[in-house]
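Following: one structure in structure tokens, then a few remarks.
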Amino acid sequence: MTPRERFATWEMVRELSRSPLVEIGAHTWASHYGLPANPQGSREPAAANRGWDKTTGRYESDAQFTRRMTDDVQKVTAKIHEVAGKTPRAWVWPYGAASGSTLAIAKQQGYQLAFTLNDGLGNVKDLDNIPRLLIAGNRRSRHLPAP
């Protein structure tokens, strides 16, 4: 896991957002983790799955999931707007795991683009499933393919 001190700071986001070449997207407020997703204890991306509560022996209800993710999307959207002065348009799925329920919530908040970790080329007619390249580690430009 990447140490938090290596993340961009809000001051960096503010500075980057001033460039017309940079689009600040959202990646959730606090849902980039795996939650218990079944009685067997498997962990799945929180932004795309209903959690399993072993104390009650039940899955998170649709209403609970919607409330949890609506709160998350609202918080990250408000913070980016506060810092960057712009409401984000791009939603970036944690772990690339998409959910129709969360996508609907993001769209209600004004998101127009959603990025997955799927392979392939993007399609301008499918802006809800834009492939992205995950670059792990501290890659130097010489390691990246030339345009």
ask   = Within region 8-17, is even one residue farther than 26 Å from Thr70 by Cβ, of a type in the set (Lys, Arg) and more than 16 Å from the chain's Cα centre (by Cα)?
value = no
task = Identify the single condition in (1) in contact with a strand residue (DSSP E or B) (Cβ under 7 Å, 6 or more places away or on another chain); (2) within 21 Å of Arg132 (Cα to Cα); (3) free of Cβ contacts under 8 Å to residues at least 24 places away in the same chain that Val22 does not satisfy, given that it satisfies every other one.
result = (1)
query = If a residue has to be under 17 Å from Met69 (Cβ atoms), more than 11 Å from the chain's Cα centre (by Cα) and among the polar types (S, T, N, Q) to count, how many in region 100-125 make the cut?
reply = 3
key: Residue pairs meeting the criteria (Cβ under 7 Å; at least 6 apart or on separate chains; first at pLDDT 70 or above and in a loop (DSSP other than H, G, I, E, B), in region 126-147; second of a type in the set (A, V, I, L, M, F, W, C) and exposed (fewer than 10 other Cβ atoms within 10 Å of the Cβ))   = Pro131/Leu121
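Could you please let me know if Val76 is touching a strand residue (DSSP E or B) at 6+ places or on another chain (Cβ under 7 Å), at pLDDT 95 or above, in a helix (DSSP H, G or I) and within 20 Å of Leu16 (Cβ to Cβ)? Working first, answer last.
On the way: touching a strand residue (DSSP E or B) at 6+ places or on another chain (Cβ under 7 Å): yes; at pLDDT 95 or above: yes; in a helix (DSSP H, G or I): yes; within 20 Å of Leu16 (Cβ to Cβ): yes.
For Val76, the condition - touching a strand residue (DSSP E or B) at 6+ places or on another chain (Cβ under 7 Å), at pLDDT 95 or above, in a helix (DSSP H, G or I) and within 20 Å of Leu16 (Cβ to Cβ) - is met.
Keeping to region 27-82, report how many residues are of a type in the set (Phe, Trp, Tyr) and within 22 Å of Tyr111 (Cα to Cα). Steps first, answer last, please.
We begin by selecting, within region 27-82, every residue of a type in the set (Phe, Trp, Tyr); these are 29, 33, 52, 59, 65.
Then drop every residue that is not within 22 Å of Tyr111 (Cα to Cα), which leaves 29, 33, 65.
Number of matching residues: 3.
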request  = For Ala46, work out the one condition from (1) surrounded by fewer than 14 Cβ atoms within 10 Å (Cβ to Cβ); (2) within 19 Å of Ala97 (Cα to Cα) it doesn't fulfil.
outcome  = (1)
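Determine which member of the set Pro88, Pro94 is touching a residue at least 60 places away in the same chain (Cβ under 8 Å), surrounded by fewer than 19 Cβ atoms within 10 Å (Cβ to Cβ) and closer than 30 Å to Leu16 by Cα. First the steps, then the outcome.
Numbers: Pro88 fails: surrounded by fewer than 19 Cβ atoms within 10 Å (Cβ to Cβ).
On inspection, the qualifying residue turns out to be Pro94.
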inquiry  = Just the residues that are closer than 11 Å to Thr102 by Cα and surrounded by 15 or more Cβ atoms within 10 Å (Cβ to Cβ), please, taken from region 64-84.
reply    = Phe65, Thr66, Arg68, Met69, Thr70, Asp72, Val73
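Here is a yes/no grid of residues against (1) in a loop (DSSP other than H, G, I, E, B); (2) touching a helix residue (DSSP H, G or I) at 6+ places or on another chain (Cβ under 6 Å); (3) modelled with pLDDT of 95 or more:
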| site | (1), (2), (3) |
| --- | --- |
| Thr2 | yes, no, no |
| Pro39 | yes, no, yes |
| Thr66 | no, no, yes |
| Asp72 | no, no, yes |
| Pro88 | yes, yes, yes |
ask   = Which of the residues belonging to region 1-19 are in contact (Cβ under 8 Å) with a residue 24 or more places away in the chain and basic (Lys, Arg)?
value = Arg14
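The values are calculated or read from the model by the stated rules, or taken from the named source; none is laboratory data. Fair warning: this is a prediction, and the values are worked out from it, not measured in the lab. Heads up, the Cβs are rebuilt from the backbone with ideal geometry, glycines too, and the neighbour counts pull from every protein chain shown.
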